[in-house]
Amino acid sequence: MTIENNNNQTTMKHDQRTSSVAQVIGRLGDRYLLDAGEGEFRGFVTGRFRNQALEAGQYPVPGDLARYEACEQMDEVRITALEPRRNRIVRKMPVSGGRKMHDGLITGGTTQEQVLAANVDTAFILAGLDGNYSLPRLERYLVMIRHAQVPPVILLTKADCCDDPSSYIERTSAVTTDVPIHAVSAYTGQGMDIVRGYLEPGRVVVFLGSSGVGKSTLLNTLYGREVQTVRTISEKTGKGRHTTTNRQLFRLPGGAAVIDTPGIRELQLWVEEEDLDRVFSDIVDLAAQCRFNDCTHGSEPGCAVRAAIREGRLSEPRLERYRTEQREVEHLHMRQTAYLRKVNRKNKEEGTYGAE
Ligand SMILES: Nc1nc2c(ncn2[C@@H]2O[C@H](COP(=O)(O)OP(=O)(O)OP(=O)(O)O)[C@@H](O)[C@H]2O)c(=O)[nH]1
Ligand SMILES: [Mg+2]
Ligand SMILES: [Zn+2]
């Protein structure tokens, strides 16, 4: 638990009559941590808030602006509503077992949307240059960010572990035409000035990426002291240890805020087809040149996608990934509505909204 690391908690007097607005920092059990600029305090959502919330995604998340009122005889506040969100980063979250990988798709099990963060100015997608670099994974994060309509920035972390970071920048930029990509190292300080350039006072950024890519380390470096726990990646598996377990917002001394997130184990998509098409726009453009409108890019004559693969302008694995994710999105749409209704009703009865 990282909340204790922030021991700048102050006792505050909240004006009972007026409703005020505070930034949501994080969650601690059924309480929310808030900050209105003078230190952290706790709050809980009112019964009326619960009644009005139609789904889990409407409960407070880091970056939200919460309207609150003071409580008599309690040093906590009542959260009455959230200000409308400018944007929200959403992922599909498994809420029950029974999942199976089938043909590259996750099937079975029950899923629910989880809002990771709200009101974000820049989403940093981190990928490590220490041997776990994965282009498909980056693409998936990009699709999620495109869906949220938040500007993404890719950070290739641990540049100190890699002899040739520029070759990775090239590989990455081949699939992400309009996304800034920077190689950084929290250890040597490489690229840190570039990252700081995104952190103007009042801005909110989020760190996303697999466990062990160095999200919390980067936050600590920017903060100037250890506010989040960091652990070495496992020698046995070469993977991160899921050190960070809560999403939490940190206000940097310079006035910007960073939302540190846990590495996502299963990044399922919660998006629309258009978001996919933006990330795979090269394939969409090629497909528009195929002779047949409904070309499946198999053995049809005049297929521009096949031609591009033959000529080395498009890689076969990339086309495959596009198809897999397309299938996943279609599949998702089919079962989304029914499941959501069921799960939301159940959660509402049990009052277990927004569980991590
Ligand atoms: N060589 C090198 N190692 C780094 C760098 N940044 C982070 N690490 C190491 O990577 C490991 C994982 O770092 P964390 O910051 O805990 O990773 P995380 O992304 O927060 O992981 P989760 O909280 O599990 O999602 C630690 O051993 C860090 O010391 C870097 O720039 N260079
Ligand atoms: Mg972490
Ligand atoms: Zn075709």
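Per-structure values
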item	result
Alpha carbon convex hull of the range 88-260, projected area averaged over orientations, nm²	10.6
Residues with amide H under 5 Å from that of GLU76, placed H, sequence gap 5 or more	CYS71
Per-residue ³J(HN,Hα) for the range 128-136, Karplus 6.51 cos²θ - 1.76 cosθ + 1.60, θ = phi - 60°, Hz, x for Gly and Pro	x, 9, 9, x, 10, 4, 9, 5, x
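We did not get these values from a lab; they are worked out from the coordinates using the rules stated. These numbers come from a predicted model, not from an experiment.
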